[in-house]
Every structure is written in structure tokens, then in C-alpha cells.
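First up is the structure itself, then whatever we jot down about it.
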Amino acid sequence: MSVGKSIKRVDAYEKVTGGAKYTDDLCPRNALVAKVLHSTIANGVVKSIDTSKAEKLAGVEKIVTCFDVPDILFPTAGHPWSTQASHQDIADRKLLNKRVRFYGDDIAAVIADNEVNANRALKLIKVEYEEYEPVLDVFKAMENGVTTIHPEISKSNILAHSDYELGNYNNAVKEKGLLFFEGEYETQVVQHCHIEPPISYSYMENDRIVVVSSTQIPHIVRRVVGQALGISWGKVRVIKPYIGGGFGNKQDILYEPLNAYLTTQVGGKCVKLEISREETFSSTRVRHSIKFKMKTAVRKDGTFVARKVEAYSNQGAYASHGHSIVANAITCFRQLYSAEKSVKGDAYTVYTNQSSAGAMRGYGIPQVVFALESHVDDIAKGLNMDPGELRIKNCMKKGFKDPLNAIECHTDAIEKCIIRGKEYINWDNKINKYKNQTGNIRRGIGMSIFSYKTGVYPISLETASCRIALNQDASVQVQMGATEIGQGADTVFTQMVAEVLDIKHDIVQILMNLRKQEDVKREETAKITGAALQIEDFTDELSNWYVRTNRERFWGEELTDDKIGAYTTLYKVLVNLIKISAPFVPFMTDEIYQNLVYGLDNKQPESIHLCLWPEYNEKEVDTKLEKEMDLAYTIVKLGRSARNTSNVKNRQPLSKMLISVNTLPEYY
């Protein structure tokens, strides 16, 4: 058993010894270097760009401007794709932009033989602008008559607005004797400051673009590169090495589409695009600055009767993750504390001429918790009530079920945490001790609580995928859609796979897919219900014979060549399963094994089927073969059936089941 145990991180040795390869470590030393020219105004239009002097500089390979790139808008948020427009992120960005929306917007790019020449070329480029007054404040941006930052998206600068009301707020606040507390709170812009700045390199293999990037979302990068360049997504391959920190900034498409485009402009040569620390601050993503207005109606005993919040999120120049951040914030507002009669929320996400805001750890929760906990402290002070007791009285309780998204609280840990925390820091004594201080230097004590829910469906999409390959020596290779960004995901996935398959964790390998395509061995795989079984090193004789001689008997239809090919592949999986299962599967009894060998030796598929799925009749067996040839499912079903039959007492110890592959029929 692996889950619940502390094991060595699967990436520990490489990281602590310096052996781990990050994007820059893998980039060819002779790669061309790209640098981006950023706007020096915050709001306006690029009228012209003069690159003549820069193009004459030795070492410059190519210069592209906002007038050269495809006129295609694309989204950048790290969210799953949907064919439903309501679930799609807003497409409001181009590879390079003629319409400048913040100081540092991308307007041109230079490709040169080295970084020095690329930077020298940037300084020689002359840009003419038509400049507009910058709009930096959300309330100013919402006023009538202000320049619309994205007229192609909206007639105003309000990217999105959402609200909710549980109960009737106006009626609730009419209760006699209520005390009202109001406050305004604001959080600042924050940058992620990951050690490794955004970096990628790109090259072409025939007509396919390969992008190697330090990203949290390789699969989404692939899709967005295809969208941004207007090409088939299948012509894009993305490789994610180790990541030197991301914290949400790299849960966004940053410069990968531009990097992919640049390699197409120099004949598919490898082009490296690394962003400096200054550029990371100004031109990637930041945490949303959000302004909150909160009002709470409270009884004298501290009971919250009605609560409401207005939240205004400064999105900056481009949509990125957009309204999902502040929407998540006001959801936390209604969940973290109860209201006896009503709770109401309004949220606005507003375009401004500031750096684009995106995902960052907590996804809106740090902002609202700062505001809400400050507000609760204000209430406690106004009531002259212990802040801890006020929180215990009103915080989310076990069994609470959100009426809007049906997410349920399954624990009373918040209340217990407050009680234990107070005991641990000697809260009661210290809060009384620090009450009546004077002077410039004072001591204080405080507390706050927070809750971070998981699960966003049906408001947003949730997807997950895993591919497992079982090798013939019983080791396992795992490919996951989720990425290791330092949080230990690969180690946890290793433990989960080992637990489910009942094998040792040290024979489970998480694949990072760093092999070049031309070096990848051609593999036949059968993929059913999201899993795959690696097929190799056996002949087609038996499988072809089986399908062609039994097509009418087992499927009751005349098969086309395409169907024959599909069924043949499935049967190869069956044959290989028999081959690899004997040496290591604990439920491989003598009787089962003899039936397998007998069926193969005498070319009797019925024996093979019935020993693999003994609880099914022939008709059910063939349905299984046709529809559910899933290795993990097969092994689990076989294990359960073997343990539930009289054969279980005849089952041999694993040490006696190590059957040499050489003893199996020659047509393996």
C-alpha cells in the first residue's frame, strides 16, 4: 500500500543534485534569440513602425511587427476548451497588438543570432503612436464617455457582471434592533515572482511546430498556439520540462504562441524567447486588485442576519482568467459565514490600462478573505465582542450546502481550528493584556479564517485524463494531464497508481514526454476509457486467424476490413494480456493458466474468454471484448472473480507462479 505513507519524492534526487533539466538547460546552444518590443504608452494606437536601421544590424535574422502577424484574436486562460460559447474564455489578444492597451504591450519582435544583437536591434526600432488618456481606476473605467479599451468585445469597459441574492435582503434589514456595519477594503496588485521567468523555445519538424515551454498547462498551450496561428492543433506539439515555479502566472498562455509564430518566420529554425524579470512584472500576469464594499446587519448578540458585498475587480488590459476570479471571491463571501435571513453579492470585472491580471494562488480567495476578515474584526470591535467567539458563532458549519452550486461542507474543522488556535497562543490572556495600550509601540494579537472549495462544475468545466502503459516486466508508465510544478503532484500520482494496481511505487514512472518525435518507438496502442496498453513484439498470426474465423459466430455480422483491423487490434491486447499476466498476477491459478494455454494450443477462443471472464456467458463476453478492453478493468474483474470462486483455495503463492514466457505457445 502506498497511499498514506511518506515516500521519497520522485523528483527529489534530480532536483537536489542539480540534475533536473529545465527549459533553458534543454535549449540548443545555437538557437536564435527573440526579444519583444513593448509599447512605451499605456493607451493608444501604433501608427507606424520603422525597422530599417534595426534590419541592417549584423546578426539580425528577422523582425516582425504588429502589422505582419495574423489578424486572429485568441484566449489565454488555462481553462478547458468547450464547443459551447458560454464556456469559452474571452478571445481578446493577438500575437502582437496595434491597439495598445497597457504600458508594456507587445508590438514587435526581433530574432537575432544572440541576445546582445537582439537587444541592440530593439533600440533601433522607431515607433509612432496615437496616444489616449490612460484609464487606471475601475470606477473611472465604468463611467460613460471613457475610451472603450476593447470595443470589439464590449461597448463598455465592464468585462462581466454577476450577482446573486439568497433570501430577500431589503426585507431582512427591516428587522428592528439591528446594528449595521459597513466598510470598504482594497487589495493591491501582486506579482508571482517565480524564480524561473517565462521561457520557451520553438522549432519545426517538417510542417509541425514543437514548443518547449515552462508552463503549467501544456495541453492548453497546444490548443491556443493552433488557434492563434490559425493552424490545425494536431500540427503543434508542446513539451513541458521541469518548472521553476509558476503559482498561476504560468497557468496562462504567455509567449508560446508568439514563439511558435517566430520559428515559422525563419524556416523552422530553433528560436528561444526568454522574458526578463522586468518584463515578467509588466507584461505577463499579476494578481487582481479588487475593491470591496461590505455591509452586515447584526443582532446585539452577534448573530449575522443579512450580509451583502459589492466587488470590483481590476482586470487590466486583457481578459486572461477574467471574471472567474472575482466570481470565486463573492462565492467565498456567502460560504465562509452564514446569514440568518439573506446574503447578497454583486461582482464586476473591469478592463483598465494596467497590466493584465490572471490566476494566482488562491484564485480570488486571498483578496476576499482579507476584506471579509477585516470586516468581521470591525464588527467585533463595534460589538465589543471577542473576535474568535464572533467567528465561531457565524462561521460555516458542518452540513452547510451552498444552494447555488450544491457544494457541501463535510467538516467542522474551521470551528475546531479556532478553538485549538486560541488555546495554543493563549488567546484569552493576551487579548485582555493588550486591550488598553498607549504609546507608539504596541503589541497585538489577531486571527482570521478562510475556506477554499474545490469543484467548479457546472459553472465551469472540469476535465481530467490519465494514460497508463503496462510493460511486460510489470512496470508501469503514467502520463497525466496535470503538471508537476513543485507541489508534489507526480509523487502523489505515483502513489495513487501503485495503490490501485497493488504494485510497488518504485516500478511506477511518471512520463514527462521529453523524447523527440523521431526517437519515439512506433507503438501500437489500444485506448479504451482513457487507458492504454502498450503492445509490442508479437506476431499477427493468431489474432488475424481469430477475427476472420469467428466474425460471424461472435459478432453476428460481416465485417469490413476496417472493422477487422479494429477487432484484430483488440484481440492483440487480449493475447498480450495473457502473455504478461502469468508471471506476476497473484490470481493466476493453475486452472486458469492451464485453460489459457489449452485455448491457445488448440486454437479455442472460448476457453480463452471463459477463463478471463468466468462470470460471463459467451454473449456477454463478446460484448466485453468489443466494448471494454481495458487492462485495469480486466485485471480487477479477474481478481475479484477468482477470489469469489472455489478456485481461490487452489491459488498458488506468487513465488510459484513465475512462469517463463518461453513455456507459452510459440505464436506469442
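The values are calculated or read from the model by the stated rules, or taken from the named source; none is laboratory data. The model shown is predicted, which means the values in this text are computed figures rather than measured ones. Glycine also receives a Cβ, built like all others from the backbone with ideal geometry; neighbour counts cover every protein chain displayed. Side chains are part of the model used for accessible areas, which takes the heavy atoms of the whole protein and leaves out ligands, DNA and RNA. Shrake-Rupley method; radii C 1.70, N 1.55, O 1.52, S 1.80 Å.
Filtering the range 38-73 to residues that are open to solvent by 60 Å² or more (accessible area, probe 1.4 Å) and in contact with a Leu (Cβ under 7 Å, 6 or more places away or on another chain) leaves 53, 61.
Here residue 147 passes the criteria (1) open to solvent by 20 Å² or more (accessible area, probe 1.4 Å); (2) under 25 Å from residue 278 (Cα atoms); (3) touching an Asp or Glu at 6+ places or on another chain (Cβ under 8 Å) except the one numbered (2).
Only one of the numbered conditions (1) of a type in the set (Val, Ile, Thr); (2) open to solvent by 80 Å² or more (accessible area, probe 1.4 Å); (3) touching a residue at least 12 places away in the same chain (Cβ under 8 Å) is violated by residue 76, and that is (2). Among the conditions (1) closer than 25 Å to residue 264 by Cβ; (2) without any contact (Cβ under 8 Å) to a residue 60 or more places away in the chain; (3) open to solvent by 10 Å² or more (accessible area, probe 1.4 Å), the only one that residue 122 does not satisfy is (2).
Exactly one residue among 322, 244, 302 is outside any strand (DSSP E or B), of a type in the set (Gly, Ala, Ser) and more than 22 Å from the chain's Cα centre (by Cα), and that residue is 302.
Could you please let me know if residue 465 is closer than 30 Å to residue 87 by Cβ, loosely packed, with under 15 Cβ neighbours inside 10 Å and touching a residue at least 40 places away in the same chain (Cβ under 8 Å)? For residue 465, the condition - closer than 30 Å to residue 87 by Cβ, loosely packed, with under 15 Cβ neighbours inside 10 Å and touching a residue at least 40 places away in the same chain (Cβ under 8 Å) - is met. Among the residues of the range 188-204, those that are closer than 24 Å to residue 114 by Cβ and either aromatic (Phe, Trp, Tyr) or not in a loop (DSSP other than H, G, I, E, B) (or both) comprise 199, 200, 201, 202, 203, 204. What do you reckon, is residue 169 under 25 Å from residue 74 (Cβ atoms), open to solvent by less than 90 Å² (accessible area, probe 1.4 Å) and aromatic (Phe, Trp, Tyr)? No: the conditions fail for residue 169. The residue that is least open to solvent (accessible area, probe 1.4 Å), among those in the range 202-216 that are farther than 14 Å from residue 253 by Cα and of a type outside the set (A, V, I, L, M), is 202. Which condition breaks for residue 328 when tested against (1) over 26 Å from the mean Cα position of the chain (by Cα); (2) within 30 Å of residue 445 (Cα to Cα)? Answer for residue 328: the failing condition is (1).
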